1. Hey, can you grab everything whose amide H is under 5 Å from the amide H of Arg124? Only 5+ residues off in sequence or another chain; H modelled, so Pro and N-termini drop out.
2. Each residue of the range 40-51 in order: what ³J(HN,Hα) in whole Hz does its phi give by Karplus 6.51 cos²θ - 1.76 cosθ + 1.60, θ = phi - 60°, with x for Gly and Pro?
3. Provide the per-residue ³J(HN,Hα) series for the range 66-83, in order, calculated from phi with Karplus coefficients 6.51, -1.76, 1.60 and θ = phi - 60°, each as a whole number of Hz, with x at glycine and proline positions.
4. Rounded to whole Hz and in sequence order, give me ³J(HN,Hα) for the range 114-128 from the Karplus expression 6.51 cos²θ - 1.76 cosθ + 1.60, θ = phi - 60°, writing x for Gly and Pro.
5. State whether the range 92-227 is rounded, prolate or oblate according to the following rule on the C-alpha gyration tensor (a ≥ b ≥ c being the square roots of its eigenvalues): a/c under 1.5 gives rounded; otherwise a/b larger than b/c gives prolate, and the remaining case gives oblate.
6. Please name whichever of Met107, Thr96, Ala152 sits farthest to the positive end of the charge dipole of the range 6-219, dipole taken about the Cα centre and charges placed at Cβ: Lys and Arg +1, Asp and Glu -1.
7. Mean projection of the alpha-carbon convex hull of the range 6-219 over all orientations, in nm²?
8. For Ile109, what residues show an amide H to amide H distance below 5 Å, using hydrogens built from the backbone and excluding near sequence neighbours?
Amino acid sequence: MAGIARSWSTRVAGGPTLRNTTPDAAGPGGIIGGVEPLPEQTSIDDLLIRRWRAEDVPALHEAITSNIDHLRPRMPWIADEPTSIEDRRLLVDGWTAAWRDGGDVVMGIWRDDRVVGATGLHHRGWPDGPEIGFWVDGACQGQGIASRSSRALVDLVASDGRYDAVYLAHDRTNLASRRVPEKLGFDLLHEVPVTDPEKIAPADAGFSVRWRMAIDWWRAGAGVGPG
């Protein structure tokens, strides 16, 4: 998740060149694409990726409550768990309202009618496109779910036609998440400190590593890494 960004280059010792692109101001509420909602559904291989709906609340509730210990080290929002299924319904209602107004689209990752993770496209202040976020069920690690669902979301943004780029970010120490943008061929932008302590999970170092995929580059096939 086209504007003008301020850029500079540096090289991390022993690592790749970092192009530091600072997000410019987005519209009200982080909305950068007007009020037209983001696409709400896609699929890849055996995975269905679609926006959470009211009827999905029980499945969402089960997926999160069964993964609290797995998610706690890396997901700051898990500090509010466990929560009630009634609160979960209100949360999904809020996601739906925000999506209809042109905000984030928050999605489940389904396989054979079972939730195996969650993902979404988020307006986080980048001038020219949304940012992908994801988590995967602890029992489904190592099955390429994060990389395949992220690949599908880049395809979705590319087909939507409104955006010039897609972004992804993770903590410096989260090497599993880092493998997703590396595998898909994202361009490494920069690393910045996270200044809000509520956005730092227990296992995080507090430094956000940020990546960008240019949609033109993706359409040309240059951004697709090995399967």
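Nothing in this text is a laboratory measurement; each read-out follows from the coordinates by a stated rule. Since the structure is predicted, the reported quantities are computational estimates derived from the model, not experimental observations. Here the Cβ is made from the backbone with ideal geometry for all residues, glycine too, and neighbour counts use every protein chain on show.
1. Glu131
2. Karplus values, whole Hz, x for Gly and Pro: 10, 7, 7, 8, 7, 6, 9, 10, 9, 10, 8, 4.
3. With the stated coefficients, the range 66-83 comes to 7, 10, 4, 5, 5, 8, 3, x, 10, 10, x, 5, 5, 4, 8, 9, x, 10 Hz.
4. Listing the rounded values in order: 10, 6, 10, x, 8, 8, x, 10, 10, 7, 10, x, 5, x, 9 Hz.
5. Details: a/c = 1.10, a/b = 1.04, b/c = 1.06.
Taking the square roots of the gyration eigenvalues as a ≥ b ≥ c, the range 92-227 is rounded.
6. Ranked along the dipole, the leading option is Ala152.
7. Working: hull surface 46.8 nm².
If you wrap the Cα atoms of the range 6-219 in a convex hull and average its projections, you get 11.7 nm².
8. Placed amide hydrogens put Val116, Gly117, Ala118, Thr119 under 5 Å from Ile109.
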